Structures are given as structure tokens and as C-alpha cells.
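The values are calculated or read from the model by the stated rules, or taken from the named source; none is laboratory data. All figures in this text were calculated on a predicted structure; none of them were measured in a lab. Ideal geometry is used to build each Cβ from the backbone, glycine not excepted, and the neighbour counts take in all protein chains shown.
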Amino acid sequence: MVRDRAVRAALVVLALVSVAAPAAAQAIEGEWTGRVREGRLQLQMQTELSPREGTKEKETGRHRNEWNFGRSIPLAEFTGLPAGGESLTAENVTFQLNREAGSFRLQGSFRGGRGAGLFTFTPRPAYVAEMKALGHTVADTSEQGLFRMAAFDVGKRFIDELKGLGYTNLPLDTLVRMRTHGADTQYIQDLRDLGFRDLPADEVIRARDHGVTKNYVAELQASGYKGLTLEQIIRARDHGVTGNYLAELVASGYKGMSLDEVIRARDHGVTAKYLADLQAAGYKGLSLEEVIEARDHGVTKAFVDELQAAGFKGLPLQEVIEARDHGVTPEFSAELRKLGYSPSLEELRRVRDHGVTPSYVREMKAAGFDKLSLDELVRLRDRGVTPSFVKEMAGAGYPNLPLDTLMRLRDHGVRPDYISDLAELGYKGLTADQLVRLRDHGVTPSFIKRAREQGYAKASVEELIRLRSRGIVRDE
């Protein structure tokens with residue numbers, strides 16, 4: 001069955017391989033489907049063509065190539081098609097579509113305006129000479145080539161119509177492109193009515209491809225966007241700017257916007273619903289830039305409602321955006337509150353940025369630090385003091401160390417394994433200051449062993465530091 005929606009005036013050829021002309025014109029057969037709608041037959045035809053001798057397709061064994069085309073053709077252009085319009089119902093119908101390059105004979109049945117059947121195309125050999133007389137050489141004169149020219153109705157009539165609109169001496173491939181892209185004389189006249197006169201054929205095709213229609217431009221003009229260039233109209237169409245969208249913006253309080261602003265709003269997903277949601281959340285009278293910024297940063301009414309439920313009411317939009325950017329969620333705030341904290345929004349952003357999570361807080365509490373402020377937790381996290389580090393230091397004989405001492409040991413690279421290695425060499429019960437000084441001066445277990453080999457078997461901490469810093473003990 002043909003698709004329910006209207007078929008464009010001409011669809012792009014999906015596949016076509018031309019073949020050499022036979023000694024005599026031969027008919028091409030295929031299948032058709034169609035639907036009568038608004039005084040036109042939306043016709044789809046499908047056939048199979050054989051590749052030409054000597055072509056790559058022929059040499060590789062590809063003997064058949066499907067070729068599909070569709071057009072919406074006025075009923076008046078058919079002969080023998082019964083009346084009935086969109087309710088047409090008939091069996092064993094034979095009707096014909098005559099074109100300058102050949103004729104299509106269609107047989108089949110209709111029910112409720114929908115039809116299907118078989119067709120036969122018979123080329124008209126005189127077409128090639130007629131086109132030659134008009135200054136156009138038809139490169140592919142085979143039945144397949146003429147089938148293509150007939151399918152898109154490229155001939156003297158179309159050329160004369162274009163001449164009447166000032167389009168003369170167009171190459172044949174341009175004529176075919178205009179037909180396949182639906183850029184017919186009616187479309188050109190529509191563009192002229194809109195004030196776009198003397199457009200090059202390529203620009204007409206481009207406008208058609210981008211969906212620029214008389215109705216679309218009328219929508220823009222009715223919304224206050226008059227005197228637009230064709231390029232501006234194409235941009236608006238490409239970015240999904242419609243009359244409905246413009247009306248929604250106006251209804252939401254955004255009037256007098258430039259087309260560039262409208263396009264930008266559309267690109268960033270600013271919809272009437274989003275504007276209504278922001279207003280319902282208490283953010284009224286926002287500039288377009290503020291709305292776009294909120295949209296880009298993922299600010300939604302649901303997020304604002306959650307923040308308000310968590311106690312953060314009446315926040316300026318910029319603070320809501322910052323909360324969103326920093327990953328501050330109502331759940332995050334609630335978990336910290338359960339742990340005994342009453343953080344401000346700024347504190348929430350800070351602890352979130354520094355990687356202080358509820359699980360980190362719980363683990364630090366379990367390690368003996370149950371009264372730390374959020375600022376202290378941030379400092380510990382920044383310095384790499386983790387619950388496991390605290391436990392390992394306690395296991396190495398240094399329990400209940402002050403925060404500053406823990407951070408200092410961490411900063412200077414004093415690790416539990418370093419402490420245990422020193423203890424095995426007889427240096428036990430060292431103070432945190434001694435450990436830091438030894439580490440800072442590069443006194444390692446291997447250095448101590450070399451010092452002993454060189455006669456310094458009972459060197460104190462200070463002596464080890466002096467031996468290292470003065471280079472008395474050689475490095476290996």
C-alpha cells in the first residue's frame with residue numbers, strides 16, 4: 001500500500017543503472033501502488049533494470065537493479081482513470097499516463113481511493129530527436145534512459161514553461177535535478193510571489209530541498225518576520241522554527257525577538273513548556289540568555305522543587321545553575337544532614353567539588369574523627385588523608401594523631417610501610433617530626449644499610465640526616 005502521507009512532487013531516484021540502447025525500443029514492466037488524495041494520485045512505481053554490457057555491474061554478475069520513483073500527479077493528467085476521487089473503488093482498471101519520452105500503461109484495482117497493480121512503459125523514440133532540436137543531447141537513449149526522463153516528465157513542455165519564467169539554456173542534468181527535487185514551475189512562481197525573483201536554478205533547488213514553501217514563509221510573515229532573505233528563511237527552516245513555535249514564544253512573553261535569537265532558542269531546546277516550568281518555579285521575566293543558560297545547564301522545575309524541599313527556597317537562578325553544575329542534589333544535602341551537618345548551598349558546592357562524600361564522612365567518623373567540621377573534612381580530603389591512611393598509621397603505632405600531624409605526614413610522603421621498615425632497622429618510636437625530617441632528607445632503609453656497611457652502625461637520626469645531606473655515605 002502507498003504511504004498515507006503525501007508524496008513530494010518528485011522523489012530522488014534511489015537506484016538507476018542505465019543500459020545501452022537495443023535495436024528496437026522495448027517495454028519496461030513493473031509494479032505500482034497509489035492513493036487518490038486532494039485531486040492527485042500519489043503514485044509509486046517499482047521496476048528492475050538490467051545493467052548495460054561492459055559495465056562494472058554486468059561484469060560482477062549484478063543482473064538486476066531495483067528502481068523506485070514516486071510522484072504526486074494531478075488526476076487530470078491521466079487518461080482512462082475512473083471518477084470517484086478519494087473513494088474510488090474499481091476492479092480491472094486500465095489507465096494511461098502519457099509523457100513526451102514515453103507512455104505508462106497502468107492496470108490494477110482501487111478500493112477506497114487506494115490502488116495497486118502492474119504497469120508497462122513504452123518509450124517514444126522521437127523524443128530523443130525532439131530534445132536534440134531543443135539543444136539537449138540525451139546521453140542515455142535506451143528504454144531505461146527514456147523511462148527515467150518520462151518518469152520525471154522532462155521534455156519540451158517543461159522547458160517552455162521554464163523559458164516563460166526566464167530560465168533559458170539550462171543543461172539537461174539541471175532540468176532533471178529540478179524535476180527530481182520537485183522544483184517545478186509552480187514552485188518557482190510561488191517563490192516569485194514571495195519576492196524571490198530571478199533566482200538561479202541551483203538556488204531554487206536548494207530552497208525546495210530545505211522545505212521552503214509559500215505557506216512556511218507566510219507563517220513567518222504572520223509572526224512579524226517580513227523581508228527575510230532566502231538564506232535566513234532556509235536557516236529558520238533547517239533549525240525547526242515554525243509559526244507555532246513563534247506563537248508559543250510570544251504567548252510566553254518573548255516578543256520582538258530577532259530571527260537569530262529565535263533560532264538560538266530553538267537550538268538550545270527552549271520550548272513553551274520549559275518557559276512555563278521556569279515561571280511556575282518562580283523564575284519570571286528572565287531574559288532569553290538566562291533561559292538558554294538555565295536550559296544548557298540542565299535546570300528543570302523538578303530540580304528547583306527538590307532544592308526547595310531540601311530547604312533552599314528563593315534561590316537566584318545563578319545559584320541554582322551553580323548547584324546543578326557542581327552536582328549538588330537534594331539527596332546529597334539530606335545525607336549530610338543525617339550525619340549532623342547543616343550545610344549552606346555554598347558549603348555543599350565546596351564539599352562536592354573536593355570529593356567529600358557522605359561515605360567519606362562516615363568512614364572518618366568510624367576512624368575516630370566524629371566531630372570534624374566540613375572545612376576540616378575538605379582539608380583532609382585535599383591532602384589525601386583517607387580513613388584507610390588513618391587506620392594504617394594507627395596500626396604502625398601512631399594512633400590518635402592530630403589532624404595537622406596526619407596531613408603533614410601525608411604531605412611529606414611518610415607512609416606506614418616506611419615507618420615499619422625503619423622499625424625493623426631499630427628506629428622505633430620516632431616522633432612525627434623525626435619521621436618527616438628523615439623522609440625530607442632522603443634517608444631510606446637502603447641508605448641506612450649502606451651507612452652501616454661503611455661503619456656507621458649506630459648512627460642516630462640526626463647523624464643519619466647529616467651523613468645524607470653532606471654526602472659522607474656514598475650513593476650506589
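A single member of Asp325, Asp382, Asp353, Asp370 is surrounded by fewer than 15 Cβ atoms within 10 Å (Cβ to Cβ) and modelled with pLDDT under 90, and it is Asp370.
Of the helices (runs of 4 or more DSSP H) lying entirely inside segment 345-415, those containing at least 2 residues that are within 15 Å of Ser333 (Cα to Cα) and out of contact with any Leu (no Cβ under 9 Å at 6 or more places or on another chain) are 345-353. Could you grab the pairs with beta carbons closer than 6 Å, sequence gap of 6+ or different chains, first residue in segment 182-210 and buried (at least 18 other Cβ atoms within 10 Å of the Cβ), second one among the acidic types (Asp, Glu) and not in a loop (DSSP other than H, G, I, E, B)? That search, which allows pairs on different chains as well, returns nothing. Only one of the numbered conditions (1) in contact (Cβ under 8 Å) with a residue 24 or more places away in the chain; (2) farther than 24 Å from Thr242 by Cβ is violated by Lys163, and that is (1). For segment 211-243, residues that are within 26 Å of the chain's Cα centre (by Cα) and among the small types (Gly, Ala, Ser) total 4. Go through the residues of segment 288-305 one by one and say whether even a single one is in contact with a Ser or Thr (Cβ under 7 Å, 6 or more places away or on another chain) and small (Gly, Ala, Ser). So far as segment 288-305 goes, no, none of its residues is in contact with a Ser or Thr (Cβ under 7 Å, 6 or more places away or on another chain) and small (Gly, Ala, Ser).
Residues in segment 94-118 that are surrounded by fewer than 20 Cβ atoms within 10 Å (Cβ to Cβ) and in contact with a Pro (Cβ under 6 Å, 6 or more places away or on another chain): 0 in all.
Of the residues in segment 397-419, none is exposed (fewer than 14 other Cβ atoms within 10 Å of the Cβ), within 30 Å of Glu347 (Cβ to Cβ) and in contact with a His (Cβ under 9 Å, 6 or more places away or on another chain). Scanning segment 161-183 for residues that are more than 17 Å from Lys132 (Cβ to Cβ) and either part of a helix (DSSP H, G or I) or within 33 Å of the chain's Cα centre (by Cα) (or both) returns Glu161, Leu162, Lys163, Gly164, Thr174, Arg177, Met178, Arg179, Thr180, His181, Gly182, Ala183.
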